[in-house]
Amino acid sequence: MKIRVKFAKKGYMKFIGHLDTMRYFQKAMRRADVDMMYSEGFNPHQKMSFAAPLGVGLTSSGEYMDIEVHSTDCSEVMVNRLNEQMVEGMEVISYRQLPDDSKNAMSIVAAADYNIKFREGLKPDIDLRDAFEKYVSQPEIIVLKKTKKSEKEIDIRPGIYEAKADDDSAFLKLASSSGDYLKPELVMDGFYKYIGMEMPKFALEIERLEVYAGSVEEGFVTLEDLGREI
């Protein structure tokens, strides 16, 4: 039986990387007595995969992992059992059954929502709403993307599906598939350069709000909505 678990990661847990988050949930599943399925072979491991690893320092209210179980109680009971094992900053939000033929979350991620706030004293002294609207209205947004091996200029405008700002924060819906992943930090770095500034280190507080499957043409659906309550 395939299960999709939605969880939040906040507070000090934002400093825990992806591999440690995975180990944390492996232990939590055992402590919560979840009837997990294991792989075969000399080193069996729990059948568990995550939708889109969250960057260190980002919080989220919309993280997902898929697991496989032999048997299960109802969604409400399982959410409660898992939350009894959670530490401060981690919260299981939903526990839903997936169709047997469903693809794993990682392979279907297409987009993600982000809320971006500025740390105290680091917000640009500009009309944020107006400047941001002009920035994302450009037909092209060329930024310098750096990797471990190289750096190159790319146009990130096609990966910005939705963008808006108010007086104190910004909202972004960005491409998040494995082959077309756009980091919110890169969008905001481009914004600072657009307004003629360098983005200060640690200027932003970024929260991932939700993760979607689908496409721009056919519409997006949350990964949670692809499962059903048990």
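Readers should treat all values here as calculations from the given coordinates under stated rules, not as data from a laboratory. Here the structure is a predicted model, which means the values were calculated and not measured. Cβ coordinates were reconstructed from backbone atoms using ideal geometry, including for glycine residues, and neighbour counts include every protein chain displayed.
Distance between the modelled labels on TYR12 and ALA131, one decimal in nanometres: 3.5 nm (7 Å Cα→Cβ projection).
Each Lys and Arg Cβ is given +1 and each Asp and Glu Cβ -1; about its Cα centre, segment 2-107 then shows a dipole of about 320 debye. Once C-alpha pairs closer than 8 Å and six or more residues apart are averaged by separation and normalised to the residue number of the chain, the relative contact order reads 26 percent. A Förster radius of 30 Å combined with the Cβ-Cβ distance from LEU209 to LYS145 puts the calculated FRET efficiency at roughly 0.80. In order along segment 205-219, the phi-based Karplus estimate (6.51 cos²θ - 1.76 cosθ + 1.60, θ = phi - 60°) of 3J(HN,Hα) comes to 10, 10, 10, 7, 8, 7, 10, 10, 9, x, 7, 4, 5, 9, x Hz; Gly and Pro are listed as x.
Give the average over all directions of the projected area of the C-alpha convex hull of segment 166-230, one decimal, in nm². Orientation-averaged projected area of the Cα hull: 6.9 nm². Structural descriptor for segment 18-87: relative contact order 36 percent, calculated from alpha carbon pairs under 8 angstrom and at least 6 residues apart. For segment 39-154, a simple Cβ point-charge model (Lys and Arg +1, Asp and Glu -1, everything else neutral) yields a dipole of about 580 debye relative to the Cα centre. With semi-axes defined as the square roots of five times the eigenvalues of the C-alpha gyration tensor, the equivalent ellipsoid of segment 2-107 measures 21, 16, 14 Å, largest first. Using the average count of surrounding beta-carbon atoms within 10 Å as a protection proxy, the listed peptides 102-110, 41-49, 2-10 rank, highest first, as 2-10, 102-110, 41-49. For segment 109-222, the relative contact order comes to 40 percent (Cα pairs under 8 Å, sequence separation of at least 6). For the chain, a simple Cβ point-charge model (Lys and Arg +1, Asp and Glu -1, everything else neutral) yields a dipole of about 820 debye relative to the Cα centre.
Rounded to the nearest 500, the 222 nm mean residue ellipticity of the chain from helices alone is -6000 deg cm²/dmol, with -39,500 (n - 2.57) taken per DSSP H run of at least 4 residues.
The spread of Cα positions in the chain, taken along each principal axis and listed from longest to shortest, comes to 56, 37, 35 Å.
Rounded to two decimals, the Cα radius of gyration of segment 109-222 over 2.2 N^0.38 Å is 1.05.
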